[in-house]
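Here is the structure we will look at.
The values are calculated or read from the model by the stated rules, or taken from the named source; none is laboratory data. Predicted model, so just to flag it, every value in this text is computed and none were measured. So basically every Cβ, Gly included, is an ideal-geometry build from the backbone, and we count neighbours across all protein chains shown.
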Amino acid sequence: MTEDELDMLERLYAGPMPIRQIATRLGYSVFTVQEELARDRDRFPYRHKRFSRGERERWVARIRAGKATPRQAAKALGVSPVTISKWVRLWS
């Protein structure tokens, strides 16, 4: 990858865009993008965030009470709205 492509990868990776979409946008395979991410973890730290069960349950309760939308919760926590939807289904 060129330095400009690495800069773009860094910007896209910092957001919520899935790796598959990033690879498509940059014109590389998912494998190539994953290899680049693994090669420089200082520049591309792991994305997975860990939340306690209690914290997840509090956000689900806020959504059910109408105090927050799944999109608002996702933005506040820095995760995908799909993640929040899974939490809501899990504690239904």
For region 15-28, pairs from a residue that is among the small types (Gly, Ala, Ser) to a residue that is not in a loop (DSSP other than H, G, I, E, B), with Cβ under 8 Å and 6 or more apart or across chains, are 23/30; 23/32; 23/33
Out of the residues in region 1-31 that are exposed (fewer than 13 other Cβ atoms within 10 Å of the Cβ) and among the hydroxyl-bearing types (Ser, Thr, Tyr), state the one that is nearest to residue 76 (Cα to Cα). 29
Looking at region 46-85 only, could you name the residues that are of a type in the set (D, E, K, R) and farther than 28 Å from residue 35 by Cα? 53, 55, 56, 57, 58, 62, 64, 67, 71
Which of the residues that make up region 17-39 are modelled with pLDDT of 95 or more and outside any helix (DSSP H, G or I)? 27, 28, 29
Among residues of region 67-89, those that are in a loop (DSSP other than H, G, I, E, B) and either under 10 Å from the mean Cα position of the chain (by Cα) or surrounded by 15 or more Cβ atoms within 10 Å (Cβ to Cβ) (or both), counted: 4
